[in-house]
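First comes the structure, then the notes that go with it.
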Amino acid sequence: MKYTLEIEINQPIDKLVELFDNENNLFKWMNGLQSIERLEGNPGEKGSTTKMLFKEGKREIEMIETIIENKLPEEFTATYEAKGVYNLAKISFIELTDTKTKYLTEQEFKLKGFMKLIGLIMPRAFKKQTFKYLKMFKEFAENNQ
């Protein structure tokens with residue numbers, strides 16, 4: 001399953017890159033993020049890996065992030081692996097004006113087992129979740145002066 005989503009954010013591109021590229025900010029906009037554990041490498045660097053723990057209701061999700069490329073604002077590419085889920089995400093920031101930036105994300109999911117069934121039954125749920133994170137980042141960025 002592949003899809004692309006975008007959102008316009010009322011902030012200059014440099015500000016968005018600064019906010020996005022700071023690992024400490026993840027807790028400020030990623031609802032449900034409980035912890036981050038560095039497994040290998042330095043934050044934000046190509047090849048680094050991080051274990052992220054999310055909590056949604058009573059369910060806990062452990063995810064491993066591996067950074068493939070970090071050439072922001074043009075490209076941030078990472079994989080996110082959880083039980084039954086492989087997600088390749090490419091993020092770009094595109095300057096629209098001095099004070100407005102497009103946040104573009106291209107997502108590719110490969111699902112196995114129970115998650116494959118969920119993907120077949122509810123494919124829009126993945127887009128909805130991705131767009132939720134775009135909106136949360138937009139709100140965080142626009143309110144972080």
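Observations on the structure shown:
- Taking the listed residues Lys102, Lys127, the one that is outside any strand (DSSP E or B), basic (Lys, Arg) and touching a Leu at 6+ places or on another chain (Cβ under 8 Å) is Lys127, with no other qualifying.
- Complete set of residues in region 98-134 that are under 19 Å from Leu72 (Cα atoms), surrounded by 14 or more Cβ atoms within 10 Å (Cβ to Cβ) and of a type in the set (S, T, N, Q): Thr101, Thr105, Gln107
- Search result, residues across region 1-48 that are outside any strand (DSSP E or B) and among the aliphatic types (A, V, I, L, M): Met1, Ile13, Leu16, Val17, Leu19, Leu26, Met30
- Test: Phe137 is at pLDDT below 95 and either part of a strand (DSSP E or B) or surrounded by 14 or more Cβ atoms within 10 Å (Cβ to Cβ) (or both): no
- Glu60 fulfils the conditions (1) free of Cβ contacts under 8 Å to residues at least 12 places away in the same chain; (2) farther than 19 Å from Met136 by Cα except for a single criterion, (1).
For (1) more than 20 Å from Thr105 (Cα to Cα); (2) modelled with pLDDT of 90 or more; (3) of a type in the set (A, V, I, L, M, F, W, C); (4) out of contact with any Cys (no Cβ under 7 Å at 6 or more places or on another chain), each residue gets a yes or a no:
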{"position": "Tyr3", "(1), (2), (3), (4)": "no, yes, no, yes"}
{"position": "Glu8", "(1), (2), (3), (4)": "no, yes, no, yes"}
{"position": "Leu16", "(1), (2), (3), (4)": "no, yes, yes, yes"}
{"position": "Leu19", "(1), (2), (3), (4)": "no, yes, yes, yes"}
{"position": "Arg38", "(1), (2), (3), (4)": "yes, yes, no, yes"}
{"position": "Asn42", "(1), (2), (3), (4)": "yes, yes, no, yes"}
{"position": "Glu60", "(1), (2), (3), (4)": "yes, yes, no, yes"}
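The values are calculated or read from the model by the stated rules, or taken from the named source; none is laboratory data. Because the structure is a prediction, the values reported are computed rather than measured. All Cβ positions, even for glycine, are placed from backbone atoms using ideal geometry, and neighbour counts span all protein chains on display.
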